[in-house]
Structure formats: C-alpha cells, structure tokens
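Structure record follows, encoded as structure tokens.
The values are calculated or read from the model by the stated rules, or taken from the named source; none is laboratory data. Values in this document were obtained by computation on a predicted structure and should not be read as measured data. Heads up, the Cβs are rebuilt from the backbone with ideal geometry, glycines too, and the neighbour counts pull from every protein chain shown. Side chains included, ligands, DNA and RNA excluded: accessible areas come from the protein's heavy atoms. Shrake-Rupley method; radii C 1.70, N 1.55, O 1.52, S 1.80 Å.
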Amino acid sequence: MIRRLLELLFLVALGAVWGWTQDAAMWSFFGALLGALVWGIFDGLRARRALEWLNKADASRKAGVSGVWGEVIDRGRKLIKKLEKKAANSDARLEDFLSAIQASPNGVVLLDSAGRIEWSNQTASTHLGFEPERDVGQYVRNLVRSPAFMAYLDAGNFGHEIEIDGPGPRPTQHSKISLQVHPYGKKRKLMISRDVTAVQLAEAMRRDFVANVSHEIRTPLTVLSGFVETMQSIELDGEERERYLALMSQQAQRMQTLVSDLLTLSRLEGSPVPGQGDWASADELLSHVVQEATGLSAAISKPPHEIVVKAMPGLSVSCAKTELLSAMSNLLSNAVRYTPGGLRIEAGWRLREDGWGEFYVTDSGPGIAAEHLPRLTERFYRVDRSRSRETGGTGLGLAIVKHVAQRHGGQIDVHSEVGKGSTFVIALPPVRMREAKKKA
C-alpha cells in the first residue's frame, strides 16, 4: 500500500515539476493532475491483469504483476494451493469411505428427498437388480417394484425391516432380501439391504433337523413305552416276555445308534480340520471295514454277500483314522444293507491319473433313481424309509461321510442306475495320498 502511495506521489510531483518549468502555476497544477492520471491508468492495467488471473484461478501460473497487486496475487496463489490440497485430502477420504462401503456385505443406497437414487454400491445392485451408474437419478420405486416395498415407503414407518424377493440364481428361485430405510438430513434416506437367503435356509434346516430328530426318537420311544405298559398290565408267558424284551432291546439299540450318529456329526462340525502328519495304510483301513461288513452280512443276509476286495499295497492315506474308518464303514455297511443277499459287493482303493485317491464301494443292488442323487447326503434323507428302518439305518450315515470327506479336502461322489447297482466314492486330494516307491 505504501508503494502505491509513493508511486502516486512520485508521478504527481513529476507532473508538477514539469508544469513549474513552464513558468505558470496553472501548468504546475495540470502537470500534477496528469501524473495522477498516468498512475491511475497503469494501476488500472495491473488491477485488470490481477482480475484476469483471479478469474482463471490457476495457482500454477504466475500473473506477472508487480507491486501491491502482485502481492495480492501471490497471497491468492498460496490460499488456492492450500484449498486445493485440502480438497484433495477430502476427495481421498471420500474415496476411501466409498471404497469401504463398496466392500460392505450389505447393500447401501442413498436417496434424495424425492426418492431418486443418488448413489449405491455394487452389493445393493446385486440385491435389488439395478445398475449403480446407469440408474443414478432413477426413482427407486420404478426399480424395486415389490408391493411390500411400495407399502413400506408409503407408510413412512421405517422402524423395522421388511423382506422382499430379490434376483436369484434361477428365474424360479428367488433370493430373500431384507430392507430397512433410515431417514437423514433434509428428507434424504439411507437404504440398507441384506441377503438373508442363507439365514432363512439355515433356519429352515434347523427346524427340519429338530423335527426329524424328534420324529426319529419318538417312534422307538412310543414302541418302548407301549411294550412297558403291556408288560406292566398283562401277565405274559416266558416266550412272549422274551419276544417283547427283544423288540424293546432293538428299539433301544436304534435310539442309541441315532444318538451316536448325532454326536459324531456334532464332533465333526466342531473339531479342527485333520492335519497331514498322520499316515495310515490304506489296506489296513480297508481290511478293518471289510471285516465288519462281512460280519454284518452274515448276520442279516442269507446267503451272505460276495464281498470282493481290491487292495493297493503300499498306498498310505493322511487322515484322522477314526473319522475315515467311520466314513468307509458307513459306505460298505450301506451296501450290505441294501443289496440282496448272495450278490456281489466290491470295495477297494484306486489312484486316478490326476493323483487323487478314491475309496469306492460298488454294489449290485436295486440302484437309486436320478432324482434322489443330489439329496442323498442330506441328514435323515432316505430313498426308502421303510427299508432303511428295517435294516437299522438312521439316515445320517451319508451326511457323516460327506463331512469326513470335506474335512479331508475331498468329496463324496455317487453314481447309480436303477436295476444295475450303485457306486459310492470318497475322493481325497493328492496331498492326502502317498504311494510307496517300488524297488527296482
């Protein structure tokens, strides 16, 4: 400011001196006025250049103006750089925040006061079936056309969640989406969506499981209580008493087997995955379960089955021995129970070309229809309920086999054809298999 005043005084004095040299006081006044006018023109030009720079607000470009206006521009450049840095930091934080919302397993939709979509993450678009970028500005009512959702928005009572059908893997199979709206700001709304399909499926499975267990236990309990009541109220001879006691023992054994299988499943689901440090001989495992199956066949079938063993000497398996024995025994005992006596059952180990090892059981029984195969490993699922109960099955055997296979990194495969028998396979990955090197 002092510099501008000095410039003005200098030009006024210069003009006054010029007028004084003309030997007239009036010329001295006009000279001073002319000096002030020249200063005003030059200062106006500098001010104009400063305004032009401010209009562009380019902090990287210098205006080339000196004096006070140059200092104003320099301070403006520093302020603009500080604001740009602050804006960049805010943008970075916003990007981090939006990235975090994008990674959320919940869907997030921002709605304006009119119910138009301002922003949504990819999860919400998957849940509700719209495009995050293409549908910005669209009314959410036009995209989510569920009557329950429309009624929810119209009621304006957002203190609870609602459930609607969402896009599913197939047109006939919808997912279940939970929605809740949270008002904020000036009539804006935050809509949160969650896929609860798995939760509902798990709840349905829990209900079915409890119902199945209750049904399986209730039947033998009913029989036992009936026999006990009969023996308490009726005088029985020795032969009838022995028959009743034998039937009661059979039902008690059935409940004991069911409880044992349930405990096995619970232990499998709650224990750590088996390591790869414990190795067992595949032939020893096979010999153990074949011995059990032979005894079972002799007890329930006349004539007994022809059990053929296909061994692989030198093959070892990394496993939890008791778990794998249980799974193998389940497959082989199922073959004995469901194959008519005298027919052939083959059990053994084999290695595939890709290094996977397989324990397989092939029977020559009635076979299983194709529609039953996907559900065979479900708990309590039976192809023939009456036949399963007659042979002492609990409906949990294949579920146990599936859990054991999965805990060892493998899987259970079933191949069957009605009238031609079935093949059940426990496939284990190469890291679980080891074959002894043959001597040259």
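For the reader, a short list of remarks on this structure follows.
- Residue in segment 308-325 that is open to solvent by less than 40 Å² (accessible area, probe 1.4 Å) and closer than 21 Å to Gly365 by Cβ present: yes
- Criterion (out of contact with any Leu (no Cβ under 7 Å at 6 or more places or on another chain), on the phi > 0 side of the Ramachandran plot and surrounded by fewer than 20 Cβ atoms within 10 Å (Cβ to Cβ)) met by exactly one of Gly341, Gly295, Gly367: Gly367
- Residue count, segment 91-130 (criterion: at pLDDT below 80 and of a type in the set (Ser, Thr, Tyr)): 1
- Members of segment 131-161 found to be at pLDDT below 85 and either crowded, with 16+ Cβ neighbours inside 10 Å or within 15 Å of Arg194 (Cβ to Cβ) (or both), listed by number: Pro132
- Segment 141-196 - residue that is of a type in the set (Ser, Thr, Tyr) and under 26 Å from the mean Cα position of the chain (by Cα) and, of those, nearest to Ser104 (Cα to Cα): Ser193
- Filtered by the rule that a residue be outside any strand (DSSP E or B), within 19 Å of Ile162 (Cα to Cα) and either open to solvent by 80 Å² or more (accessible area, probe 1.4 Å) or of a type in the set (Ser, Thr, Tyr) (or both), segment 182-237 gives Thr197, Val199, Leu201.
- Hits in segment 356-381 (condition: β-branched (Val, Ile, Thr) and within 28 Å of the chain's Cα centre (by Cα)): Thr377
- The one condition from (1) outside any strand (DSSP E or B); (2) farther than 27 Å from Val210 by Cβ that Val383 does not meet is (2).
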